[in-house]
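The values are calculated or read from the model by the stated rules, or taken from the named source; none is laboratory data. Everything numeric in this text was worked out from a predicted model, so none of it was measured. Quick reminder, even Gly has a Cβ in these numbers, built from the backbone with ideal geometry, and neighbours come from all protein chains shown. The area values use the complete protein model at the heavy-atom level, side chains included, leaving out ligands, DNA and RNA. Shrake-Rupley method; radii C 1.70, N 1.55, O 1.52, S 1.80 Å.
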Amino acid sequence: MGDRVGRYAAEIVDLKGIIEAKLQQCIYERNRLERYITTIEDSLLRQVFTYRFVNGLPWQQVAACIGGSNTADGVRMMCNRYIKATEPETDDGTEVQL
């Protein structure tokens with residue numbers, strides 16, 4: 001029994017380490033995302049990216065937050081067009097898969 005408890009204790013310590021590493025990775029990726037969003041010149045598009053990718057809102061709610069006559073499909077297409085227009089290309093002219 002004591003051996004099993006020790007094994008579980010070691011497993012808990014390992015899992016806590018994995019969780020901490022994942023948390024640090026999430027913080028890093030969020031900071032990277034926020035830096036990317038700040039490079040977008042169009043303020044409306046920055047808002048769309050923030051609502052969708054930082055706040056995690058569905059497209060319908062993004063459109064509602066933006067207001068005006070924007071629809072879920074409209075803000076999604078706006079976002080997709082921006083990403084497509086700014087995708088890096090390789091030296092042979094093909095697009096890099098993100």
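Dipole check for the chain: with +1 at the C-beta of Lys and Arg, -1 at the C-beta of Asp and Glu, and the Cα centre as origin, the magnitude is about 500 Debye.
Against the criterion of solvent-accessible heavy-atom surface with a 1.4 angstrom probe, Ser69, Ser43 sort, most first, into Ser69, Ser43. Relative contact order, whole percent, for the chain stands at 14, derived from Cα pairs under 8 Å and 6 or more residues apart.
Here volume of the Cα convex hull per residue in Å³ was computed from the coordinates, and among (1) 162; (2) 125; (3) 103 the match is (1).
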